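Working notes, structure below.
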Amino acid sequence: MNEEIKMLLFCGLLAFMLGLYLLLSHRNLIRIILGVEVLSKGITLILLAAGQARGAIPFIQSLVVTFIIVETVLAAVMLGLIVLVYKTHGSLDIRLLSKLKG
Amino acid sequence: MILWISLALFMTFLMMIVLFRDLLYSAVALALASVTLSVVLFLFKANIAAVFELSVCAGLITVLFVSTISLTKNSDQKIESRVPAAFLPFVLVLLLAIDVGLTVWLAREMLPAGQAGGTLTSFKEVFWTTRATDIWGQVSLVLVGVFGILAIFRVAPGRKDHE
């Protein structure tokens, strides 16, 4: 059982870091949102590992369901914004979005 | 055994998301990663979370991604820098080292305290009683999403489309 929890933690943390890498290293807005999604998969795994370690799977399930809803709403709104940005700027390169600079 | 295979597949699909240059392939890899994650959730008897993960993350979010990619078909995918791909092996080694350290530390913190934090309670009891406030948060979030999308795609009266 301990090995399983350690493996869940390992994969969760690695997924979290891969998501962070995608967020920091790419310029395309869609790829950045993909990074957020990868990061959230990692968080789900870490939550599951914590629930298994504490013997509180029902509690963690409720948190994961809430987290999935947050993730979905975030993705929907961000992807809507991306379409709007593409319509106005004709590009998804985050460096070109400088009109909001003060 | 199924757990190890699922986790290995999950990590493979995540690597595919990072490595694929085509956004559509990355979106499909994300859907497959969600499917394997839902298998992992099923194996740990988190059935409802697994169903949510399978239907919402592997289904709905993939549809949203594919729609966005097709709506922004002529976007500047080609000008994406090649630097991240070149540095990826070094970054992966560094991430793996940090990951092993963090896993060892977190497992040491987490595992000895194996006492139950509510083993006997069911998901129904936790969701509808202990964490009932979350439901209001979830309803508000869904409304925020709906109104957000409405605000984003609102067309002003007298105009046929955004410029």
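Here, each number is a calculation from the coordinates, and none is a lab measurement. Treat the numbers as computed from the prediction; the structure is a model and nothing was measured. Neighbour counts run over all protein chains shown; Cβ positions are idealised from the backbone, glycine included.
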**Asked** Does A:Leu81 meet the test of being part of a helix (DSSP H, G or I) and free of Cβ contacts under 8 Å to residues at least 40 places away in the same chain?
**Response** yes
**Fill in**
For the range A:18-40 the number of residues that are among the β-branched types (Val, Ile, Thr) and at the interface with chain B (Cβ under 7 Å from one of its Cβ atoms) is 2
**Request:** Kindly provide the set of residues from the range A:52-102 that are more than 30 Å from B:Ile135 (Cβ to Cβ), of a type in the set (S, T, N, Q) and surrounded by 17 or more Cβ atoms within 10 Å (Cβ to Cβ), ordered by number.
**Result:** A:Ser91
**Prompt:** For the range B:36-53, does any single residue satisfy the condition of being facing chain A (nearest Cβ under 7 Å) and under 15 Å from A:Ala75 (Cα atoms)?
**Reply:** yes
**Request:** Could you tell me whether any residue of the range A:41-58 is within 8 Å of chain B (Cβ to nearest Cβ), within 17 Å of B:Leu60 (Cα to Cα) and of a type outside the set (A, V, I, L, M, F, W, C)?
**Result:** yes
**Asked** Out of all the residues in the range A:51-63, is one or more touching a Lys or Arg at 6+ places or on another chain (Cβ under 7 Å) and under 26 Å from B:Leu141 (Cβ atoms)?
**Response** yes
